[in-house]
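Bear in mind that the values in this text are calculations on the coordinates, not laboratory data. These numbers were taken from a predicted model, which means no experiment stands behind them. Glycine also receives a Cβ, built like all others from the backbone with ideal geometry; neighbour counts cover every protein chain displayed.
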Amino acid sequence: MHVAKTGTVAADCVAERTEATGSATNSDTGFRLTSSGGLAVNLLAIGTGTAQGLQYGLLNGSTPAFYGCTVHNVHDTGYTGAHSVRLIIGCAATDCGTEDFENATWSSSCSHNLSSDTTAPGSSAQTSQSSANTWEDAGGDDFTPKDTGGAYDNGTDTSGATGISTDINGTDRPQDAEYDIGCTERILATFDI
């Protein structure tokens, strides 16, 4: 993975906690974004699903926007924050302890999000999507969308808002008819004829 940070943009980063002792606290957050108007693009936060894992996946403090991010198996809430209106587009959360997306005031512009519970906000949301049916191998940290799952081709073009047209691995988006939801774009198989 590579890290890109330009001004108020956090992109292409991974936060993972595998510690087996202690307990998660508010400080055990995958990403805490504090820049006013900041952008989070292609971030991946992975917890252990226990009290020793990440408490929160993505936490916003001052109205940043989340685009194409993935949170999996954190102890508490996948996406949370103190600000009253949040913008999340093309993001996924699966198997989070309390809820995938905090029950909060979401921007009316939220769209194309995915959750394993019923909390994905906005239009064109994919809800009640199990991680086993969504990702190639979430247990092995492979968050490539399955071609039969809810994340595949159910995203939307966010490059105009973010200036980024690749996924967390540098793969161009989209690879098929539409963007995939989350931080990883499924690469289409190619055949020589």
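Which of the peptides 111-119, 165-173 is most tightly packed, and how do the rest follow, judged by the mean count of other Cβ atoms within 10 Å per residue?
Working: 111-119: 23.3, 165-173: 16.6.
Averaged packing, sorted descending, gives the order 111-119, 165-173.
Highest mean packing comes first when the peptides 72-78, 149-155 are listed by Cβ atoms within 10 Å, giving 72-78, 149-155.
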